[in-house]
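Here is the structure we will look at.
The values are calculated or read from the model by the stated rules, or taken from the named source; none is laboratory data. A quick note: this is a predicted structure, and the numbers were derived from the prediction, not measured. Don't worry about glycine lacking a Cβ; one is built from the backbone with ideal geometry, like all the others, and counts go over all protein chains shown.
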Amino acid sequence: MILRLFFLGAVLFIIELYAFQAVKTLIKLKWMLISYQIISLLLFTFILYSFTQFDRSVGQTKQTMFTMGLLLVLYVPKIVTMIVLLGEDVFRVAAGAINYFIDNNSKADFLPSRRKFVSQVGLGLAAIPFLSLIYGIFEGKYNFKVIKQAVHFPDLPDAFDGFTITQISDVHSGSFDNPEKINYAIDLVNEQNSDLILFTGDIVNTHAKEMHPWIETFSRIKKHEYGKYSVLGNHDYGEYVTWPTQSDKDKNFEDIKKLYGQIGFTLLLNEHTFIEKEGHKIALVGVENWGKNFKQAGDLKKASQNLTKDDFKILMSHDPSHWNEVVQHDEKHFQLTLSGHTHGMQFGIEIPGFFKWSLAQYVYKQWAGLYENLGRYVYVNRGFGFHAYPGRVGIMPEITVIQLIKGEKLA
């Protein structure tokens, strides 16, 4: 812990040095520079101190989320400034070396002085993430988007042509702080009037009690004609805190499983059920969490026991790495998998239909939206809530409406 804090402090200190270089290039008043240094030192100290107070027996709290938000708001913009100034330093060193070797009699300083224009560019660019992160904290985290996605299947049973599914994922109820906004989101869910609603895990950050203030709110999700089903996410297992005893952890897990029932969802634990319509049926399969780098409790073989390749199957699996590593290659041919988990890292750039980017793509091959391989699809929901960073920038909270279409997709 001490070593990690020392490393973090060293990195932040270097970032601070570069940021101050830009500031002092533009500001000449001594009292303003001193004020800047004092404020920066106080915030630097507060952040490091807050990290020392993290209690692993408690896990994420409002205080830790505030600290993470403050860390990002302060230092992401300064990192941008540092990158610009580092680029300038490359040219300064190159220019100094050229002057030194070409003009040995030059009395000029080895390094040319910093240019005011470059510092202005650095600080100007830094304003973009600064304002974006502030927006993400105060507005973005509750800027719910309804995303509608049609998916075509030649083998879809005829009665399910046009069938609609609302998907929510990654609620992380322990992070919420605005009942009005959450009630608005529930209204959005109900307004979709889908045939079926599916919840793909992470009802809490860690503790079952986090959901208790929100049970009545989420119970307002209306009864859908063909049911309300859910699976567990990695956070539902209480793996990220230290428990007093194993029995405490086990009780919390049992209480979390009950939460899904308390808000009207049927929890599928490595099992399947059938959705029937007009004499036709599709199999709804739900596995426990299976993650390449997280808990692997999901048992696809058990969940799909007695199902055949010819059965039309919708799989709920929280972590999309399950689809990438296992599901898309399974001989039983799972036509559609619904996942969440990534949140799109709650930070990125997205222009629907044209461009999307997030750091999440360097961790997950499937991280937001629809992906296909050999007629097998996975849809990755961007998440309903938020975790760690108390905001969202570019990658907004999502309510997904998927429509199943019979036949091939037209070019």
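Values for this structure:
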item: Qualifying residues in the range 48-100 (those that are of a type in the set (Phe, Trp, Tyr) and surrounded by fewer than 14 Cβ atoms within 10 Å (Cβ to Cβ)) - the one farthest from Phe7 (Cα to Cα); result: Tyr100
item: Where a residue in the range 134-155 is in contact (Cβ under 8 Å) with a residue 40 or more places away in the chain and its partner, wherever it lies, is crowded, with 16+ Cβ neighbours inside 10 Å and among the acidic types (Asp, Glu), with Cβ under 9 Å and at least six apart; result: Phe144/Glu398; Lys145/Glu398; Val146/Glu398; Ile147/Glu398
item: Scan of the range 231-279 for residues that are part of a loop (DSSP other than H, G, I, E, B) and among the hydrophobic types (A, V, I, L, M, F, W, C), ordered by number; result: Val231, Leu232, Val241, Trp243, Ile263, Phe265, Leu268, Leu269
item: Wholly enclosed helices (runs of 4 or more DSSP H) of the range 107-225 bearing at least 3 residues touching a Ser or Thr at 6+ places or on another chain (Cβ under 8 Å); result: 116-138, 179-191
item: Leading residue by the ranking (surrounded by the fewest Cβ atoms within 10 Å (Cβ to Cβ)) among those in the range 218-253 that are β-branched (Val, Ile, Thr) and farther than 25 Å from Pro179 by Cα; result: Thr245
item: Residue that is in contact (Cβ under 8 Å) with a residue 40 or more places away in the chain, among the small types (Gly, Ala, Ser) and not in a helix (DSSP H, G or I), where the choices are Gly353, Gly348; result: Gly348
item: Counted residues, the range 301-357 - those being among the acidic types (Asp, Glu), buried (at least 17 other Cβ atoms within 10 Å of the Cβ) and more than 27 Å from Pro157 (Cβ to Cβ); result: 2
item: Count - residues of the range 360-377 that are modelled with pLDDT under 95 and among the hydrophobic types (A, V, I, L, M, F, W, C); result: 1
item: Residue ID - surrounded by the most Cβ atoms within 10 Å (Cβ to Cβ), chosen from residues in the range 141-190 that are of a type in the set (Gly, Ala, Ser) and within 19 Å of Gly391 (Cα to Cα); result: Ser169
item: Matching residues in the range 280-323 - criterion: being assigned to a helix (DSSP H, G or I) and among the charged types (D, E, K, R); result: Lys301, Lys302
item: Condition check for Phe347: more than 13 Å from the chain's Cα centre (by Cα), assigned by TED's automatic domain parsing to the domain that holds Phe160 and of a type in the set (Phe, Trp, Tyr); result: no
item: Residue in the range 393-400 that is modelled with pLDDT under 95 and of a type outside the set (Gly, Ala, Ser) present; result: no
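So that you can scan it fast, the table gives a plain yes or no per residue for (1) at pLDDT below 95; (2) within 25 Å of the chain's Cα centre (by Cα); (3) under 18 Å from Thr206 (Cβ atoms):
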residue: Gly233; (1), (2), (3): no, yes, yes
residue: Thr245; (1), (2), (3): no, no, yes
residue: Asp255; (1), (2), (3): no, yes, yes
residue: Leu259; (1), (2), (3): no, yes, yes
residue: Asn270; (1), (2), (3): no, yes, no
residue: His280; (1), (2), (3): no, no, no
residue: Val287; (1), (2), (3): no, yes, no
residue: Gly298; (1), (2), (3): no, yes, no
residue: Asn306; (1), (2), (3): no, no, no
